[in-house]
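A quick write-up on the structure given underneath.
Bear in mind that the values in this text are calculations on the coordinates, not laboratory data. This structure is a prediction, so every number in the text was calculated from the model and none was measured. Note that we place each Cβ from the backbone using ideal geometry, even for glycine, and neighbour counts take in every protein chain shown.
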Amino acid sequence: MRIEQFEDILAWQKAKSLTYEIYEQLREVRDLGFRDQIQRASISVMNNIAEGFERKSNKEFKQFLFIAKGSCGEVRSMLHIANALKYIDQKQFDLMFGVSVEISKMLSGLIKIL
């Protein structure tokens, strides 16, 4: 399958779904600083994939994928805190954590290809 736009990239699609899930699950959290940070980190994953792809240069795309991967790690780190503080339950944590690990692996694969 040829990727013609960033929306075709499976890692971007999964990052979009994870971002939506984070917004949904943490909507009622009153810790606005925490909520804002995890939302921004999740958006950073999908936006860096998109921005890097749109640069039309493999070197730049790779650089943006590394940034997206870092943001993905930030999301995972914050999910641990969200779980510990009972902002999300174990089932929600397991689901979102698993998706974030999957996205990170996909980004690593894309980086290796480039």
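Computed values, structure above
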read-out	value
Set 68, 15, 41: member being out of contact with any Gly (no Cβ under 6 Å at 6 or more places or on another chain) and over 17 Å from residue 108 (Cβ atoms)	41
Hey, residue 92 more than 15 Å from the chain's Cα centre (by Cα) and of a type outside the set (Asp, Glu) or not	yes
Neighbours by Cβ (under 8 Å, 6+ apart or cross-chain): first from the range 101-114, over 16 Å from residue 70 (Cβ atoms) and touching a residue at least 40 places away in the same chain (Cβ under 8 Å); second surrounded by 13 or more Cβ atoms within 10 Å (Cβ to Cβ) and of a type outside the set (D, E, K, R)	114/61; 114/65
Tally of residues being small (Gly, Ala, Ser) and over 16 Å from the mean Cα position of the chain (by Cα) across the range 15-64	2
Residues being in contact with a Ser or Thr (Cβ under 9 Å, 6 or more places away or on another chain) and in contact (Cβ under 8 Å) with a residue 24 or more places away in the chain - total across the range 17-37	4
